[in-house]
Amino acid sequence: EQLAKKLSRQVVGSLVGCVHCGMCNDACHYVLTHPDDPKMTPSYKADQVRKLFKANHDWTGSVFPWWVGADTTPLTDDDLEKLKDISFGTCTNCRRCTINCPMGVDTATLNRIMRGLLSHVGVMPEGVRVVSKDQWEIGNQMGVLKEDYLDTLEWMSEELEEDLGHKEAEIPVDRKGAKIAYAINPREVKYDPRTIKKAALIFYAAGEDWTMASEGWDQTNFGLFSGDDQLGGVCGKRVYEQTAELGCEKLVISECGHGFRSSRHEAVNWSGHPVDFVMESSVMTMLRYIKEGRIVVDKSKNTDPVTYHDSCNLARSCGIYEEPRELLDLVVEDFREMTPNRTENFCCTGGGGAMSMSEYTPRRLESGAVKAKQIADTGAKVVVTSCHNCVDGLNDVIKHYELDCRVEQLVDLVASALVLDERKREEAEEVVERMVAEIAAEVPEEVAMEAEPLAGRKVLVVDDEEDVREFLKMVFEDAGATVITAADGDEALAIAKAEQPDLISLDLSMPHKDGVEAFHDLRNTPETQSI
């Protein structure tokens with residue numbers, strides 16, 4: 001019943017246009033890393049929708065069902081589980097096969113349709129279910145509560161004010177009539193708040209009239225990944241309505257491939273909501289600031305060799321190829337192109353919501369061998385991308401294949417290359433240091449002890465995400481603890497035996513030995529079982 005509602009001209013053209021030539025096979029990173037499994041081929045994945053179409057909507061299926069491969073609607077739970085494994089577990093909807101199809105078949109769209117049909121009847125990976133539920137009920141895909149979001153903005157605002165030595169760099173919230181509304185990915189609040197601070201620094205340096213919203217601030221959209229157009233429309237409408245209510249002329253969307261695609265292109269159609277303001281990626285915003293002379297950058301501040309990963313959604317689906325490279329040319333000294341690149345670049349392995357589907361992680365990381373080789377061949381120490389999904393996907397690939405590099409976004413490099421009034425900043429830092437010293441000298445010893453409740457304690461932080469490790473390290477150190485870190489379960493067990501920490505903060509989902517296995521090992525090892 002749902003399939004009939006999806007049969008646009010584009011979809012039907014893709015359903016009938018495939019000639020099974022196999023040209024798409026070499027375009028797919030799943031096929032390249034699983035060459036002996038025919039179920040990995042894009043045409044096979046698309047055939048799952050094609051069978052239903054032939055059986056229910058195309059006359060050839062009723063006359064020659066055996067000839068055209070028509071098949072009946074899935075009849076059992078096993079049928080549905082098989083379709084779920086194919087559509088969610090063997091494809092990131094990166095659209096590289098689409099670009100390489102001589103017939104113009106959009107396999108990624110067909111795969112998203114299958115996801116949508118399955119989601120409609122409640123069949124989806126548990127991670128997709130949880131994230132979709134959070135977007136429906138809480139308003140953002142990571143379940144960040146409003147008070148936590150506002151606390152994070154206040155925290156970053158205070159840090160920036162301290163860095164600059166004045167209040168002019170404050171992060172504004174719900175400022176009516178501001179020229180620009182800035183929408184972000186919830187990952188920035190939960191795991192990487194420094195990107196918010198860096199964006200605020202750039203807006204401050206440019207003298208921008210901007211604001212962030214207290215509601216409708218999540219520019220990401222899990223409806224794109226799950227195939228749920230209704231959810232996609234609701235997510236987009238929240239952002240559109242909030243931007244309009246604040247009276248902003250422009251919505252600037254932070255670096256997120258699917259967030260930009262969803263907000264700028266797809267959700268307008270899903271929601272049917274009129275939009276009378278401009279929408280642009282923050283990549284364009286930063287590049288424009290430099291070209292207009294509103295910010296000054298010094299590329300000598302970024303000396304590490306850098307390569308660029310084209311986000312599938314930002315690049316193949318939205319055509320943003322040259323602007324990131326133009327920006328990199330302005331803010332780094334040593335840029336090295338990845339091969340292949342632009343339209344032909346391979347997926348980071350984290351697209352299509354794959355980061356939320358833990359049951360498919362081993363298969364996803366196997367497919368990452370293609371991406372790992374691309375990165376290693378450049379010899380770069382920094383992999384730059386304009387997408388938070390790609391940050392996580394690339395970090396997983398780098399750790400799994402033990403590459404000697406790190407991942408950053410353009411906002412990180414632009415912020416580090418900024419040229420501000422260094423003399424004023426140094427004077428401000430001296431003032432702050434003097435004030436802190438004066439206050440510390442006046443604080444009684446017993447009060448100082450209360451301010452550091454973990455003084456004398458040793459904490460082991462275990463997490464495969466570098467930014468999470470740094471965040472937790474800072475939190476525990478602020479409380480007076482000595483902090484040591486580990487990136488996976490094996491390393492955690494070795495360090496715990498040697499260092500005997502008072503507390504272990506243990507992540508659950510990690511490559512190699514995950515948190516559950518590590519926990520059991522720690523509890524079953526005499527030297528660590530009492531920690």
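Here are some notes:
- Placing +1 on the Cβ of every Lys and Arg and -1 on the Cβ of every Asp and Glu, with nothing else charged, gives the chain a dipole about its Cα centre of roughly 3040 debye.
- 0 to 90° range, to nearest 10: angle between helix 369-378 axis and the chain longest Cα axis: 50
- Accessible surface of region 1-59, 1.4 Å probe, proportion on carbon and sulfur as whole %: 54
- Karplus-derived 3J(HN,Hα) values for region 263-279, using 6.51 cos²θ - 1.76 cosθ + 1.60 with θ = phi - 60°, are 5, 7, 10, 7, 5, 4, 6, 4, 8, x, 8, x, 10, 10, 10, 7, 10 Hz; glycine and proline are entered as x.
- Taken per residue, the accessible surface of region 337-380 reaches 34 Å², heavy atoms only and a 1.4 Å probe.
- Working from Cα pairs under 8 Å separated by at least six residues, relative contact order for region 249-355 is 28 percent.
- Largest to smallest accessible area among MET338, MET103, MET142 [probe 1.4 Å]: MET103, MET142, MET338
- Per residue, the accessible area of region 1-107 comes to 53 Å², computed with a 1.4 Å probe over protein heavy atoms only.
- CYS21 exposes around 70 Å² of accessible area when a 1.4 Å probe is run over every protein chain in place.
- Label assignment, Rg and Dmax of the Cα atoms in Å derived from the structure, set [x] 22.2, 69; [y] 22.6, 77; [z] 24.9, 91: [z]
- Listed residue pairs exceeding 29 Å between alpha carbons, taken from LYS84/LYS381; LYS146/LYS167; LYS237/LYS301; LYS198/LYS473; LYS54/LYS82; LYS381/LYS473: LYS84/LYS381; LYS237/LYS301
- Taking Lys and Arg as +1 and Asp and Glu as -1, the other residues whose beta-carbon sits under 10 Å from that of ILE138 total -1.
- Surface composition of region 451-531: carbon and sulfur atoms hold 50% of the protein heavy-atom accessible area at a 1.4 Å probe.
- Length-normalised contact order of region 177-247 in % [C-alpha pairs under 8 Å, at least 6 apart]: 38
- Based on protein heavy atoms only, region 162-232 ends up with 34 Å² per residue of surface accessible to a 1.4 Å probe.
- Antiparallel bridges, percent of DSSP beta bridges restricted to the chain (to nearest 5): 5
- Between amide H atoms placed 1.01 Å from N, distances below 5 Å from ALA486 occur with VAL461, VAL462, ASP463, all of them 5 or more places distant or on a separate chain.
- Counting only alpha carbon atoms, the long axis of helix 422-442 and the longest principal axis of the chain meet at about 60°.
- Centre separation in Å (Cα based) which lies between region 218-257 and region 80-94: 25
- Alpha carbon centroid spacing (whole Å) that separates region 17-54 from region 467-531: 42
- Largest to smallest accessible area among ILE495, ILE320 [probe 1.4 Å]: ILE495, ILE320
- When TRP136, TRP270 are compared by accessible area at a 1.4 angstrom probe, the order from most to least is TRP136, TRP270.
- From the alpha carbon centroid of region 141-157 to that of region 334-389 is 29 Å.
- With K and R counted +1 and D and E -1, the other residues having a Cβ less than 11 Å from that of ASP148 yield a net charge of -1.
- What a 1.4 Å probe finds exposed on region 221-264 is 37% carbon and sulfur by accessible area, rounded to a whole percent.
- Angle between the chain longest axis and helix 126-137 axis [Cα atoms, degrees, rounded to 10]: 70
The values are calculated or read from the model by the stated rules, or taken from the named source; none is laboratory data. Source: prediction; values computed, not measured. Virtual Cβ from ideal backbone geometry, glycine too; neighbours counted across all protein chains shown. Accessible surface is based on the protein model in full, side chains and every heavy atom, while ligands, DNA and RNA are left aside. Shrake-Rupley method; radii C 1.70, N 1.55, O 1.52, S 1.80 Å.
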